[in-house]
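Since the structure comes first, as structure tokens, the remarks are kept for the end.
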Amino acid sequence: MIFGLFGGERRSSAPSTSVTASNASDWYSFYNLPGTTSGINVTEDLALGVPAIWCAVNVIAGTIAHLPLHLYKTVDGKTDKATADPLYSIIHDYANDYHTKFDFWKLIVSRALLGGRGIAIILRNKANRAQGFLPIDERSVTINQTIQSGTVQRTYTYSGQTYTGTDIIDISPLLRADGLSVYSPVETNREAIAAIIAAERYATSMFANGGVPPLALKMPPSSPAASDRAVEQVSEAIQNGKDRKRNMFALPNSLEIEPLGFEPAKQQLVELRKWQISEVARIFNIAPALLHDLTTGTYSNVEQQALNFVSQTILPLVKLIEQELNLKLFGKRNTANFVEFNIDALVRGDLKSRMEALVRSVFGSIRTPNEARALDNLPPLPGGDELYIQGATVPLRDAGKQPLAAPTPAPAQQDQTDQTEEDAKEEDSNGDS
């Protein structure tokens with residue numbers, strides 16, 4: 001139905017599309033999904049119990065939340081931070097009276113990573129100016145969309161109140177084919193996550209049993225009661241050995257114990273945990289080194305993985321957020337105002353590289369000294385708003401205007417002649433002597 005927006009077909013109205021983001025525990029009935037092969041119904045809370053998933057969500061959401069977010073205004077072709085605008089504090093410092101900017105964006109991004117969608121209401125005053133953002137549970141929101149006369153109309157209903165699409169911040173990293181509902185990373189990858197949880201539970205149960213796998217007791221034919229007594233006696237002997245830190249106990253000559261399944265060493269539990277980290281790294285598009293798996297890491301490739309994290313994981317989400325904010329706060333016809341994250345904050349940890357980059361940017365006429373100081377929240381200094389260029393370190397506007405050094409004048413021709421005559425007389429006198 002949405003193709004009519006771009007083709008020649010125009011409709012006065014179209015059937016509405018409605019989506020309700022249900023609770024994670026109801027995914028299987030809501031989307032008519034089959035249960036996982038392991039029998040574990042994966043929920044967001046259960047998925048966060050996997051250490052690698054917990055780490056991935058916190059690293060990505062925390063990184064974006066700590067990036068400085070600024071409001072800019074362009075006037076007469078010059079772009080500056082609009083610090084005098086009341087919206088600047090909402091963008092840069094706090095989302096509302098109870099959520100700081102960090103709290104707000106970490107919540108929204110983590111919801112987008114787990115449930116596939118992070119939603120917030122834009123709080124507006126009577127003049128329709130934004131006064132703050134209020135995060136809401138997207139699982140309790142009903143989204144309705146219609147197309148009328150080639151225009152998309154979208155509404156969000158929450159707690160009995162309906163909001164237009166322009167009053168909602170909707171961060172959805174991956175939309176479904178209808179352009180409205182979303183793919184949830186946890187729901188879409190439920191089989192892989194269920195396998196991880198099942199492996200953790202198996203390893204935990206094995207360690208809880210002292211590392212002893214299930215055992216089979218071989219004994220001569222006897223009554224069921226005798227078999228039960230023998231099993232109880234052997235189990236008690238194993239438990240007593242664990243309590244007394246003894247790994248040996250005696251068995252009657254007629255009894256034999258054989259393990260069922262694989263021995264712990266053959267379970268490859270260490271390799272299994274590495275596999276879990278690799279699976280989570282693929283789900284959330286994050287390098288294993290950032291999940292604290294350095295088994296295959298070297299100094300050079302870990303550094304490269306960190307750079308890839310910025311370019312492949314953080315930047316796409318940052319651009320998604322920036323474009324959503326610019327559209328909802330200023331409208332599609334706006335050309336004067338925009339919000340933007342400062343990605344430079346990601347390299348603050350490497351002071352040496354950061355200082356070298358700032359020096360090069362100042363001497364290369366990319367930044368003024370005050371702009372470089374502002375990146376570290378240092379106050380501006382007098383004369384620091386000029387662009388400088390490497391060399392004489394003069395203002396860029398004066399480069400090329402410096403007078404060239406005057407060439408050394410050649411001796412006058414007469415002086416050369418007089419000098420020649422004097423030299424000749426001196427030579428004659430030397431010859432006579």
Heads up, the range 75-164 by the C-alpha gyration tensor (a ≥ b ≥ c square roots of eigenvalues; a/c under 1.5 rounded, else a/b over b/c prolate, else oblate) looks oblate
At 0.36 nm per residue, and after removing the present C-alpha to C-alpha distance, how many nm does the segment from S227 to S365 gain when stretched out fully? 40.9 nm
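Eigenvalues of the Cα gyration tensor times 5, then square-rooted: what semi-axes does that give for the range 137-199, in whole angstrom, largest first?
On the way: eigenvalues 185, 43, 14 Å².
Here the semi-axes work out to 30, 15, 8 Å.
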Quick check: pseudo-label points 7 Å beyond the Cα along Cα→Cβ at Q131 and K319, how many nm apart are they? 3.6 nm
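Using the beta-carbon distance between A374 and S149 and R0 = 41 Å, what value does 1/(1 + (r/R0)^6) give for FRET efficiency, to the nearest 0.05? Write down the numbers at each step before the final one.
Details: r = 47 Å, r/R0 = 1.15.
Between A374 and S149 the formula returns 0.30.
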Report the full-extension gain for the segment S140 to L174: residue separation times 0.36 nm, less the Cα-Cα distance, to one decimal in nm. 10.3 nm
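Could you list, in their original order, any pairs among K106/K126; K81/K101; K73/K328; K101/K332 whose Cα atoms are separated by more than 19 Å?
K106/K126; K101/K332
Values in this text are rule-based calculations from the coordinates and carry no lab data. None of these values were measured; they are calculated from a predicted model. Because the Cβ atoms are built from the backbone with ideal geometry, glycine has one as well, and the counts that use them run over all protein chains shown.
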